[in-house]
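Enquirer: Handing you this structure, nothing more for now.
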Amino acid sequence: MSIIQRVIVVTASIVLAACGGGGSSSSHVAATPPTTPTGPTTPVDPMPPVVTPPTVAACAAPTTNQAPVLFDKAPMLAICDGVYVEPTTTADDQLALRQSVAGAYTTVTKFYGEFTAPHPQMIFCQTQACRAYFMGSYAGVYSPLGFKLPNATYTAGKPTIFITYTSFVGQAHSLTVAHELTHTETLYRYGGGGVPSWFNEGIATLVGSYPDCTSLTANYVVDFRTADFEAAVADSSKGDAIYCQAARETNAWITANGKQKLIDLLAGVKAGNQFYTLYGNLINH
């Protein structure tokens, strides 16, 4: 979620997907070298080639010495490259968090076709003390510039996703990570300026499926172009519903115009074009 004054308790859960290995969105898993047969073989009918989907760097065990991230002068535990948890995190939660990160990269990569942004640092907190130290009054947030959040102690030196959770074990899915990771890729594609908050949050909510919009169908914002989005979502009784309204608008626009036009829009904003010149009229309001 964007940096807004909302105090919520984010309960994330796991995507039951295997942890991804190294590589990039354009790499392919190497084929197993053939073995030399030791005796006669029976000819088989030719089979169509197997197409291996691209892999994404996700949350394999750390391959390098990780730069220390200190929590009140004590080092956090690196569970994979750039992903840190409290040292008291259980083995089950560590595994589930790794799976959640891998699933999030897969989700965002599937939506955009490839993941092009540098991977952000991720810090997961389970205790209130950890949350206050790293996030201040926030419970889940993407910090694109790497700075100290209001009321926090920690100053990040790079873009960072901060998430508070109660438990990742025994849950059906983890969506908060995908929501925040979508911000990373979207921001990288449009270059950091000129995209309204409602659109940024609408894309993240649409891709991450978080918050759950199943029953949040009311339209509270009359016109996103003129509304103060940050002030609107600060109302805890309406915040999630407004995120879902933004997601419906972005989904309607993508349905009408196609995914490639969305990608072109972000590239156009990065090139200096005005957002609404490229987006046009709102659809779902």
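Enquirer: Give the calculated FRET efficiency between residue 263 and residue 77 to the nearest 0.05, with a Förster radius of 25 Å applied to their Cβ-Cβ distance.
Expert: Details: r = 37 Å, r/R0 = 1.47.
Given R0 = 25 Å and the Cβ-Cβ separation, E is 0.10.
Enquirer: Checking the a/c ratio against 1.5 first, then a/b against b/c, what shape does the Cα gyration tensor give for the stretch 92-202? Mind dumping the intermediate values first?
Expert: Numbers: a/c = 1.94, a/b = 1.11, b/c = 1.74.
Since a/c reaches 1.5 but b/c is at least a/b, the shape of the stretch 92-202 is classed as oblate.
Enquirer: Once you charge only the Cβ atoms, +1 for Lys and Arg and -1 for Asp and Glu, what is the size of the charge dipole of the stretch 228-280 about its Cα centre, to the nearest 20 debye? Provide the component values of the computation, followed by the final result.
Expert: Values: 5 positive and 6 negative charges, 62 e Å.
Taking the Cα centre of the stretch 228-280 as origin, the dipole is about 300 debye.
Enquirer: If I stretch the segment between residue 128 and residue 92 completely, what's the gain in nm (0.36 nm per residue apart, minus their alpha carbon distance), one decimal?
Expert: Values: separation 36, 0.36 × 36 = 12.96 nm, distance 2.01 nm.
Between residue 128 and residue 92, full extension yields an extra 11.0 nm.
Enquirer: List 183, 119 from most exposed to least, where exposure is judged by having the fewest other Cβ atoms within 10 Å. Write out the running numbers ahead of the final one.
Expert: Working: 183 26, 119 20.
Listing 183, 119 from fewest to most nearby Cβ atoms yields 119, 183.
Enquirer: Let me ask something else. Quote the FRET efficiency, to the nearest 0.05, computed for residue 273 versus residue 147 with a Förster distance R0 of 22 Å and r equal to the Cβ-Cβ distance. Please list the in-between numbers first.
Expert: Details: r = 28 Å, r/R0 = 1.26.
About 0.20, to the nearest 0.05.
Enquirer: Along Cα→Cβ, 7 Å out, is where each label goes; now give me the distance between the ones at residue 282 and residue 215 in nm to one decimal.
Expert: 2.6 nm
Enquirer: While we're looking at this one, here's another question. Could you give the size of the charge dipole of the stretch 194-285 about its Cα centre, using +1 on the Cβ of each K and R and -1 on the Cβ of each D and E, expressed in debye and rounded to the nearest 20?
Expert: Numbers: 6 positive and 9 negative charges, 73 e Å.
Dipole magnitude for the stretch 194-285 comes out near 360 debye.
Enquirer: When only alpha-carbon atoms count, how far does the stretch 194-285 stretch along each of its three principal axes, as whole angstroms with the largest first?
Expert: 37, 23, 20
Enquirer: Along the positive direction of the dipole of the stretch 194-285 (beta-carbon charges: Lys, Arg +1; Asp, Glu -1; about the Cα centre), which of 236, 217, 283 reaches farthest?
Expert: 283
Enquirer: Also, I was wondering about something else. Of the listed pairs 148/270; 148/261; 73/110; 158/270, which have alpha-carbon separations greater than 30 Å here?
Expert: Values: 148/270 26 Å; 148/261 35 Å; 73/110 39 Å; 158/270 21 Å.
148/261; 73/110, as the Cα separations exceed 30 Å there.
Read the figures in this text as sums done on the coordinates, not as results from a lab. Just so you know, these numbers come straight off a predicted model, no measurement behind them. Backbone-built Cβ (ideal geometry, glycine too); neighbour counts: all protein chains shown.
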